[in-house]
Amino acid sequence: MHDRYEPALFEQKWRDRWKEQDLFRTREEDGREKFYGLDFFPYPSGAGLSVGHCRNYIPTDVLCRMKYMQGFNVLHPMGFDAFGLPAENEAIKNKIHPAPMIDKYAGTYQRQMELIGISYDWSREFKSSDPSYYKWTQWIFKLLYDRGLAERKMIEVNWDPIDKTVLAAEEIIGGRAERSGALVEKKLIPQWIFKITNYAQQLIDDLDELDWPEGIKQQQRNWIGRSEGVEFEMKVVLPGAASGPDENGFEVIEKPHTFRVFTTRIDTIFGMTFCVLAPEHPLIAEIKKHSNDAKKAEIDEYQGKAKALSDIDRQAEGREKTGVDTGAHAINPATGKKVPIFIADYVMMGYGTGAIMAVPAHDQRDFDFAVKFGLDVVPVFKPDTAYLSENNTSEADYLADPKQFKKVFETKDGILVNSGEYSGMGYAEGSAAMAEWIVALGIGEKKVNYKLRDWLISRQRYWGCPIPIIYDKEGNPETVIDDLLPVELPDVDNYEPSDDGSSPLSRITDWVNTTTRDGALGHRETDTLGGFACSSWYFLRFCDPHNEQKAWDPERVKYWMPVDCYVGGAEHAVMHLLYARFWTKVLYDAGLVDVKEPFARLMNQGQVLAQTPYRQPKDGESLGVGEDGILVAFKDVPNYQPDELTYKWVRMSKSKGNVVTPDEAVEQFGADALRVYELFVAPFEQAVQWSNDGMQGAVRFLSRVFRLVSDMSTHWDESWKLSINATAMEGKAKDIRRITHKLIRKATEDIERFAFNTYISATMTAVNDYNDLLKSLGEPNPSERLALSEAIQSLVLVLSPAAPHTSDEIWEQLGGQDSTYHLDWPKFQAELAQDDTITMAIQVNGKLRDTLEMPADASQEAMQEAALSSERVKVHTEGKTVRKVIVIPGKLVNIVAN
RNA sequence: GCCCGGGUGGCGGAAUGGUAGACGCAGCGGACUUAAAAUCCGUUGACCGUACGGUCGUGUGGGUUCGAGUCCCACCCCGGGCACCA
């Protein structure tokens, strides 16, 4: 029997055996509950896995392994998100075709995942770039198309000049492309979009039932951005229009022009002193027709500037407000007064109606604009005392001149003033009454707006799923019939993107030219689907991955879905998770799946950080935005004095040069040590700081397990189960069983609640406790032998999900014939985990003064009496009167005295 | 600015309102060794005290409670997300 952990001696042997025996093939036996554990669909990068990625896979693996041992049918698949920009860019860089490259990279991922002992069922593996998979991605595209949820539109899109393709709104962060970092440009080209906005409300509502991190749900709610308000119409008085009869008594009646505004604060309508149109607003063209040349030129110039500005410039923080007075006016329906209409780029065409009513008294943006352009500010809410004291002013002073203060009074619970018959009402009452009035007037209605935009899905790139659309001579689209799916991606030599917004596929005339359904000449859609389409349904395909007739057998999906536990990084909070939810809802509405939500429980693992050297810039060097040091490569560290370098904890990444690969970690410490370390070192959701000392601790722990079992193995009785519960247990035997059942209880509960760090610490504690007990034990009697045997087996099984190689090796050495994966997860008996005695805490006035050993079932009276007769307690109650004694059975006594 | 997380020993971190610091790392002392490594045993929040013991202590300030790391209020700091969305 080994007495320490020497992974080189046995870990590979077990991995080979598991593979040989096809141990992790999905079990689909009747009469068992199912469990679907899934990791985010990874893109297999050429750099391979780091120990940071393992942080995702190991915990899911532990949970899946326990579930299997508990008797569940477990689906734990893995595949690869192979289509998309990262793969294509890397292939271009290496001047090779993406397909064989991806095959190679995926192979490396699989090898590394197997190396750390993850229990994936590889027989279900597929890549999103497999024609047998994307055939069905195309089929779902058709479904969306047929349901009116996929549309081709001429729209202004966000163009990434580095990756040479358009981007979805979700792929842009602060005006830059999330992936390439390029400043996005605007381009007007025809694009395919999915109408995810049709599902905005459902996507918000159904979040409530999900067991997801609250932060992720909140991020999705914010992204969808629901707001309730009122949309109403205002009459426009064009510049130069007569405002009443002329000197001859004639009134010039023009066709009245109107425009609509959306507001969430209809209660402030009496404070509207001007209106603002987005520079792209269609009404501006009408206004210009009535403007003099100078004004027209001024407006044109402003529109031109606004168009040229990138979003990042237009929305730059603290940017001063700009705008132009159009000379036109709107009639405020509340006051009947004419208010000027401005154009300004702080109003966006894409949201609401692209026009606003401006209430400068209670909206900071409108206020800033009003100050700059000298416009009226009319308060409609009485300021509260907090605002008055902050500005060191009085109510009368504020109401007389609100413009003197830099910050506006924004409120939702003030009292209305200057608001006609509504004055004196509060926010809620006023809003409701004024909304009703607008509706009754027939000029508007209540409306809900969402910030969510439709999902822009076409990409002008080669390496993606072809869109199954053919255009006829007139350019009318039709879908490719099912029998002709998949539309295969043609093999080409040159697939580099072009600058003009056309896809590389458009250059392949043989492929582009085809016939329509009725045999006429036609041409194919040459854009491809963005990668997020492919990952929006892969979890369904895993339920039935090799089905050639259908995307999936409904029975299989009905059995396995929803995913019970979905694990991956928080960076996909709104993109992948929102899209996949959307597709699932569409498929539900089409009757193809019977779940409305794909992922019942979601967990986000923390990152793995590595200590990374940085130095201060030298003369002539400058730091990038947000950086406070210059990265130093590890190989260059010896060239610096120690005090020149500062080490920071930074996420492991290739670009930082701080990656530790699982290959290195397994070579140096062992796969089980890596697993145990990553589980133990920090709570699951938290970042961990990679440390070789910590890894060494995991090695030490596993060695202690080997030694303990080796020490106990002479007492091993493999048939302990037959007689243990019929044998009376006293003294040490009872103590051993208590340790065992406490361990099983804690491990089972902790794995279930993703508390892997305390699960590992519980096994460490048990090992320590067994060790101590063993030392005080002479030659064991029969009941002690049984208790020790139970302890050995339970420890090995409880450890099996975390350290499967170790458990299987120990089990074999004990004479076991099978992998521990096939054994039943131990069940704890609550009464055996119960302590006989407790350490009772005695407090005087809430401060601990003494502890006493008491029987666990001591009566409250006995506890109180014991507490009061403690000498240490008496010291603190002397000369005082005991007012009250609080007894918490099994825990403590608190004596209140003064 | 808004929305989420989070602040506990030298470090990573434990603690259904009930003995703060489990478990591990690092440190210190010892055993084994010619020696070192490895391993094992002991010890380790701070301060006062020879000791029994005492005082303080979970970002800060208040509050609720017999009792608060945990609940409530205000604030400070760190990390993440969103941001001219009317």
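The values are calculated or read from the model by the stated rules, or taken from the named source; none is laboratory data. Predicted model only: the values in this text are computed from it and were never measured. We place every Cβ from the backbone using ideal geometry, glycine too, and count neighbours over all the protein chains shown.
Of note, residue A:801 satisfies the criterion of being in a loop (DSSP other than H, G, I, E, B), more than 15 Å from RNA strand B (Cβ to nearest atom), in contact with a helix residue (DSSP H, G or I) (Cβ under 8 Å, 6 or more places away or on another chain) and farther than 19 Å from residue A:739 by Cα.
Regarding region A:705-712, can at least one residue be identified that is more than 16 Å from RNA strand B (Cβ to nearest atom) and either under 30 Å from residue A:51 (Cα atoms) or at pLDDT 90 or above (or both)? No, region A:705-712 contains no residue that is more than 16 Å from RNA strand B (Cβ to nearest atom) and either under 30 Å from residue A:51 (Cα atoms) or at pLDDT 90 or above (or both). Taken together, A:731, A:657 contain a single residue that is surrounded by 16 or more Cβ atoms within 10 Å (Cβ to Cβ) and at pLDDT below 95, which is A:657.
One residue stands out in region A:633-688 among those that are out of contact with any helix residue (DSSP H, G or I) (no Cβ under 8 Å at 6 or more places or on another chain) and of a type in the set (Lys, Arg): the one that is nearest to residue A:612 (Cα to Cα), namely A:648. Kindly indicate the residue of region A:258-273 that is of a type in the set (Val, Ile, Thr) and surrounded by fewer than 21 Cβ atoms within 10 Å (Cβ to Cβ) and also farthest from residue A:238 (Cα to Cα) among those meeting that condition. By that ranking, first place goes to A:264. For region A:360-383, a residue qualifies if it is in a loop (DSSP other than H, G, I, E, B) and either at positive phi or away from RNA strand B (no atom under 14 Å from the Cβ) (or both), and the qualifying residues are A:374, A:375, A:376, A:377, A:378, A:379, A:382, A:383. Scanning region A:726-740 turns up no residue that is in the same structural domain as residue A:790 (by TED's automatic domain parsing) and within 10 Å of RNA strand B (Cβ to nearest atom).
Checking each residue in region A:765-780 for being surrounded by fewer than 18 Cβ atoms within 10 Å (Cβ to Cβ) and within 40 Å of the chain's Cα centre (by Cα) picks out A:765, A:768. In the set A:61, A:39, only one residue is closer than 27 Å to residue A:748 by Cβ, touching a strand residue (DSSP E or B) at 6+ places or on another chain (Cβ under 7 Å) and in the same structural domain as residue A:91 (by TED's automatic domain parsing); that residue is A:39.
Among the criteria (1) within 38 Å of the chain's Cα centre (by Cα); (2) buried (at least 17 other Cβ atoms within 10 Å of the Cβ), the one residue A:448 does not fulfil is (2). Candidates are the residues of region A:681-697 that are near RNA strand B (Cβ under 7 Å from one of its atoms) and crowded, with 20+ Cβ neighbours inside 10 Å; the one that is nearest to residue A:570 (Cα to Cα) is A:688.
Residues in region A:862-898 that are within 9 Å of RNA strand B (Cβ to nearest atom) and assigned to a loop (DSSP other than H, G, I, E, B): A:890, A:891. Of all the numbered requirements in (1) surrounded by fewer than 23 Cβ atoms within 10 Å (Cβ to Cβ); (2) farther than 26 Å from residue A:757 by Cα; (3) in contact (Cβ under 8 Å) with a residue 60 or more places away in the chain, residue A:786 misses one, and that requirement is (1). The set of residues in region A:511-543 being farther than 30 Å from residue A:37 by Cα and touching a Cys at 6+ places or on another chain (Cβ under 9 Å) consists of A:528 alone.
Among the residues of region A:400-410, the one identified as crowded, with 17+ Cβ neighbours inside 10 Å and either over 19 Å from residue A:374 (Cα atoms) or among the aliphatic types (A, V, I, L, M) (or both) is A:408. Only one entry of A:841, A:856, A:830 meets the criterion of being over 30 Å from residue A:719 (Cα atoms) and either of a type in the set (D, E, K, R) or more than 9 Å from RNA strand B (Cβ to nearest atom) (or both), and that entry is A:856.
If the condition is being within 23 Å of the chain's Cα centre (by Cα) and β-branched (Val, Ile, Thr), then region A:167-188 contributes A:172, A:173.
Restricted to region A:625-680, and to residues there that are among the polar types (S, T, N, Q) and part of a helix (DSSP H, G or I), the residue that is nearest to residue A:757 (Cα to Cα) is A:668.
So is residue A:148 at positive phi and over 23 Å from the mean Cα position of the chain (by Cα) or not? Here the answer is yes, as residue A:148 does meet what is asked. Scanning region A:558-571 for residues that are crowded, with 23+ Cβ neighbours inside 10 Å and either over 14 Å from residue A:37 (Cα atoms) or of a type in the set (Val, Ile, Thr) (or both) yields a count of 2. For region A:741-755, a residue qualifies if it is in a loop (DSSP other than H, G, I, E, B) and either away from RNA strand B (no atom under 16 Å from the Cβ) or not aliphatic (A, V, I, L, M) (or both), and the qualifying residues are A:753, A:754. Of everything listed in (1) away from RNA strand B (no atom under 15 Å from the Cβ); (2) in contact with an Asp or Glu (Cβ under 8 Å, 6 or more places away or on another chain), the single unmet condition for residue A:774 is (1). Picking from residues in region A:335-359 that are away from RNA strand B (no atom under 11 Å from the Cβ) and assigned to a loop (DSSP other than H, G, I, E, B), the one that is nearest to residue A:325 (Cα to Cα) is A:337. Selection of region A:1-51 for residues being within 16 Å of RNA strand B (Cβ to nearest atom) and among the acidic types (Asp, Glu) yields A:3, A:6.
Go through region A:456-487 and count every residue that is assigned to a loop (DSSP other than H, G, I, E, B) and either closer than 14 Å to residue A:522 by Cα or of a type outside the set (D, E, K, R) (or both). Residues that pass the stated criteria total 17. Identify, from the list A:294, A:330, A:316, the residue that is over 41 Å from the mean Cα position of the chain (by Cα), more than 25 Å from residue A:380 (Cβ to Cβ) and either in a loop (DSSP other than H, G, I, E, B) or at pLDDT 90 or above (or both). Checking each option against the conditions leaves just A:294. Applying the set (1) away from RNA strand B (no atom under 15 Å from the Cβ); (2) without any contact (Cβ under 8 Å) to a residue 60 or more places away in the chain to residue A:700 leaves exactly one unmet item: (1). When residue A:112 is tested against the conditions (1) assigned to a helix (DSSP H, G or I); (2) touching a strand residue (DSSP E or B) at 6+ places or on another chain (Cβ under 8 Å); (3) not assigned by TED's automatic domain parsing to the domain that holds residue A:482; (4) not small (Gly, Ala, Ser), the lone failure is (2). Can you find, within region A:274-291, the residue that is modelled with the highest pLDDT among those that are away from RNA strand B (no atom under 16 Å from the Cβ) and exposed (fewer than 13 other Cβ atoms within 10 Å of the Cβ)? Looking at residues that are away from RNA strand B (no atom under 16 Å from the Cβ) and exposed (fewer than 13 other Cβ atoms within 10 Å of the Cβ), I get A:285.
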